[in-house]
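Participant: This is the structure, below, for whatever I ask next.
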Amino acid sequence: MKALLKLTPICVIAGLMLSGMDILLAAPLSFMYAVIVAMIVDRYKFQDCLDAALENLKHFLIVFLILQAAYAVAECFMATGVAASVINMSLAAGLNAKVLAVVALLVTSVLSIATGTSWGTFAACAPIFLWLNHIVGGNIALTVGAIAGGSCFGDNIGLISDTTIVSSGIQQVEIIRRVRHQGVWSLLCLIASAVVFYFIGVSMGLPSTTGQAADAIAQIPKEVWTALAEERPSAVTLLELVKQGVPVYMVIPLIIVLVTAVMGYSTLICLGSGIISSLVFGLMAGTVTSITAFLDLVYTGFSDAGGWSIAMMLWVGAFGGVMRLMNAFDPVAALISRMVHKVRHLMFANGVLCLLGNAALSDEMAQIVTIGPIIKNITEENVVGSKEDMYTLALRNATLSDAMGVLGSQLVPWHCYMGFFLGISASVYPLATALSVGQIITHNYMAWIAVGSMLVLTFTGWDRFIPLFKLPAEPQVYLKSEAAKYEK
């Protein structure tokens, strides 16, 4: 009975999220409820609960700094022409309907890595590609599926993505090492998705008429600009820069961030290099008019991070600390440990748990911050291994949490992403009003390939064929329930 009572705070936060309440309200309410449960069931004092909350929040301090920098980089890249240069370079040659979805997937993938936001990428690219789709006679569902999949690609692996940062922070792993761990797998998913989109486009018998981005932007009605300004103001700035054109060298800040990441520098150094280089090249290109104007962009990024993300994480971290104090997740861990006999099967169960949590909460960030501590606890409490091997498992947990959150959301019909995709599509392209959630999900091949391959590779151990993606296996790591087999 006590074990069930300790799990009720999870039910409370899930219920509040399902009712439509923002997690910024649901998290503090759930925290207060968790404190009450801890005081009644385990006789903890309020100070004990507060100390546990503060102890857990210590692990989030570096995450808060990274989030601030990430939001600032995203704002700078959108406003100085870095993101616009990516789009213009990709679309310079003209497109036809057969390859439109492939290019849409690749452009949005790069842009979402550069800006760290799937929502912003979709809002910025939907007007271009939907009107291009109209001009060349493409398939609207295929195009939207490609934009959606590509927009979420960078949100799962981007250094400045809030979900990448938060999921890594919860598992206490370095973002750089996390990106390296999943990098080859993510790239293979992108390549496989591009191939599928191309063959689907060809099999549909789509025409070979070509179109240009400038033509597509010119056709966007005035009321669409107004609606987009209300939904995503940064997308309007980006579209204006795409329309005006920016120098090719404005892509260099993005290259600098990626190169410093590959070289293994600290995430804060990578992000800082992006901010400084976007200022330098923005001044050269004339997209930055003054230092003061640029600092306003940085300020906006800092404000956006502090206004929701950091405040939300403070309460979620406090909630997790109290739940950990009560050992509230022990029943879940015990159930999973009884069902599995290998470490990779436990990791597969963690992935399924994340996917189910995302479907239940209908919000990827809510799933990451709610289920993330659970799978972390399950792994640490049930697996025996060296410090380095346990760290590798933590890297996979961070990847699972993020992938099942961001990319898994693309397969949940009632997820908040679906409402956003439909809303933006209809507002920027009125002919998209007949588009259904089912059509978007059917043609989001990126999501199907990423989610399916992640679960299959983890369960079977075939991840050993993917460079840097291999999980440690028995006898290097083993379940405590199977210790008799290995401790000899």
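The values are calculated or read from the model by the stated rules, or taken from the named source; none is laboratory data. Quantities reported herein were computed from a predicted structural model and do not represent experimental measurements. Neighbour counts run over all protein chains shown; Cβ positions are idealised from the backbone, glycine included. Accessible surface areas use protein heavy atoms only, side chains included; no ligands, DNA or RNA. Shrake-Rupley method; radii C 1.70, N 1.55, O 1.52, S 1.80 Å.
Participant: Which is farthest toward the positive dipole end of the chain among 188, 345, 358, measuring Cα position about the Cα centre, with Cβ charges +1 (Lys, Arg) and -1 (Asp, Glu)?
Facilitator: 345
Participant: Tell me, in nm to one decimal, what length is gained between residue 240 and residue 268 on full extension, where the rule is 0.36 nm per residue of separation less the Cα-Cα distance?
Facilitator: 7.1 nm
Participant: From Cα pairs below 8 angstrom and at least 6 apart in sequence, can you work out the relative contact order of region 340-439, rounded to a whole percent?
Facilitator: 32 percent.
Participant: Could I ask something else about it? If you take the beta carbon distance between residue 483 and residue 92 as r and set R0 to 45 Å, what does 1/(1 + (r/R0)^6) give as a FRET efficiency, to the nearest 0.05?
Facilitator: Using R0 = 45 Å, I get an efficiency of 0.15.
Participant: Would you compute the Debye intensity of the chain from its alpha-carbon atoms alone, equal scatterers and no solvent, and pass along log10 I(q)/I(0) at q = 0.05, 0.10 Å⁻¹ to two decimals?
Facilitator: Values, matching the q order: -0.19, -0.75.
Participant: Round to the nearest 10 and give me the degree value, 0 to 90, for the angle of helix 2-18's Cα axis relative to the longest principal axis of the chain.
Facilitator: With rounding to tens, the tilt is 10 degrees.
Participant: Just the accessible area for residue 177, please: 1.4 Å probe, Å², rounded to the nearest 10?
Facilitator: 80
Participant: Give the relative contact order (percent, whole number) for region 148-241; include only Cα pairs under 8 Å separated by 6+ residues.
Facilitator: That works out to 14 percent.
Participant: Once both axes come from the Cα atoms, what is the angle between helix 416-428 and the longest principal axis of the chain, in degrees from 0 to 90, rounded to 10?
Facilitator: Relative to the chain, helix 416-428 is tipped by roughly 10 degrees.
Participant: Could you calculate the FRET efficiency of residue 184 with residue 45 from 1/(1 + (r/R0)^6), where r is the beta carbon distance between them and R0 is 56 Å, rounded to 0.05?
Facilitator: Step by step, r from the Cβ atoms, then E = 0.70.
Participant: Rounded to the nearest 20 debye, what is the charge dipole size of region 376-488 about its Cα centre when +1 sits on each Lys and Arg Cβ and -1 on each Asp and Glu Cβ?
Facilitator: 100
Participant: So how do 166-172, 234-240, 21-27 stack up, highest first, on mean other-Cβ count within 10 Å?
Facilitator: 166-172, 234-240, 21-27
Participant: Among all the aspartates and glutamates, which ones have a C-alpha under 16 Å from residue 45's C-alpha, if same-chain residues fewer than 8 places away are not counted?
Facilitator: Cross-link targets: 55.
Participant: Take each of the peptides 108-121, 42-55, average the number of other beta-carbon atoms within 10 Å over its residues, and list them starting from the highest.
Facilitator: 108-121, 42-55
Participant: Would you mind calculating the relative contact order of the chain from Cα pairs under 8 angstrom and at least 6 residues apart, reporting the percent as a whole number?
Facilitator: Rounded, it is 25 percent for the chain.
Participant: Give me, ordered by chain and number, the residues 5 or more places off residue 383 or on other chains with an amide H under 5 Å from its own placed amide H.
Facilitator: 480
Participant: What's the angle, to the nearest 10 degrees (0 to 90), between helix 364-382's Cα axis and the longest principal axis of the chain?
Facilitator: Value to nearest ten degrees: 40.
Participant: Within region 369-434, what whole-number % of the accessible surface is contributed by carbon and sulfur, with the 1.4 Å probe and all protein chains included in the calculation?
Facilitator: 65
Participant: About the Cα centre of the chain, how large is the charge dipole given +1 on each Lys and Arg Cβ and -1 on each Asp and Glu Cβ? Please answer in debye to the nearest 20.
Facilitator: That gives a dipole near 1040 debye.
Participant: Straight-line reach from residue 98: which lysines have a Cα under 30 Å away, not including same-chain ones fewer than 8 places off?
Facilitator: Answer for residue 98, where 30 Å is the Cα cut-off: 222, 243, listed by chain and number.
Participant: Turning to a different aspect of this structure: Cα to Cα, under 29 Å, and not fewer than 8 places away if on the same chain: which lysines meet these conditions relative to residue 470?
Facilitator: 342, 376, 387, 480, 485, 488
Participant: For region 52-175, which whole percent of the accessible surface, found with a 1.4 angstrom probe, sits on carbon and sulfur atoms?
Facilitator: Answer for region 52-175 is 65 percent, counting heavy atoms of protein chains only.
Participant: For region 336-488, what is the accessible area per residue in Å², given a 1.4 Å probe and the full set of protein chains?
Facilitator: Computed with neighbouring chains in place, this is 38 Å² per residue.
Participant: May I ask you to derive the FRET efficiency for residue 334 and residue 464 from their Cβ-Cβ distance with R0 = 22 Å, giving the value to the nearest 0.05?
Facilitator: Step by step, r from the Cβ atoms, then E = 0.15.
Participant: Applying the Karplus parametrisation 6.51 cos²θ - 1.76 cosθ + 1.60 with θ = phi - 60° to the phi angles of region 44-51, what ³J(HN,Hα) value in whole Hz is obtained for each residue in order, glycine and proline being reported as x?
Facilitator: Using θ = phi - 60°, the values come out as 6, 7, 4, 5, 4, 5, 5, 4 Hz.
Participant: With θ set to phi - 60°, apply the Karplus curve 6.51 cos²θ - 1.76 cosθ + 1.60 along region 81-92 and write out the HN-Hα couplings as whole Hz, x wherever there is a Gly or Pro.
Facilitator: x, 4, 5, 5, 5, 4, 5, 5, 5, 6, 9, 4
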